Amino acid sequence: MLPKKITLLNILFCLYFCVLGQDKIEIHSAKKASIYSAIIPGSGQVYNKKYWKAPVIYLGIGASLYAASWNQTEYLHYRKAFEYRTDNNDNTIDEYEDRYTETNLITIKNYYRKNRDLSYIVAAGVYLLNIIDASVDAHLFNFHINDELSIDIQPQFMGIQNQNMPALSLKLNWN
């Protein structure tokens, strides 16, 4: 009975140290990265350890929202100028009386409205690209690129029907 217990303890002891000696493979979840980026833009990139991408995302969203805000201010300004022009009230002061016609004011107003809407679309696009990028990076997190992988493109002449024709040579190396 005692040799069986000693053998069992030895086996458990060896298994314990075999398990301790193994490296844990970090499971990187694409779903988690996507959810992080959807809640807080850039946090999925931080989760993927691509820290440099978070400021780029905030710069893209911030610049497009700033452009939208500026275009909204200009749109409201020219809309009010058009309303002053067409209100038929002698007490209102039209600051663009000698500069723009009514059609010019409408054109300028529509220009800023279009640019405001486009800026909001760009902000939404950067936000969606943020989520897609976090998901793709998480899927490729454990993918290792071999340093030996290379491609070499060189100009070359090929002899076709007794003529030298210019061509491109493509060499792939994956040692």
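Just so it is clear, none of the values below were taken in a lab; they were calculated from the coordinates. Everything numeric here is computed off the predicted structure, so don't read it as measured data. Methodologically, a virtual Cβ is constructed for each residue, glycine included, from the backbone with ideal geometry; neighbour enumeration extends over all protein chains shown.
Volume per residue of the convex hull around the Cα atoms, evaluated for the range 29-141, comes out as 104 Å³. Sorting 106-114, 157-165 by average packing, meaning the other beta carbons within 10 Å per residue, from highest down gives 106-114, 157-165.
Based on C-alpha pairs under 8 angstrom that are at least 6 apart in sequence, the range 29-141 has a relative contact order of 45 percent.
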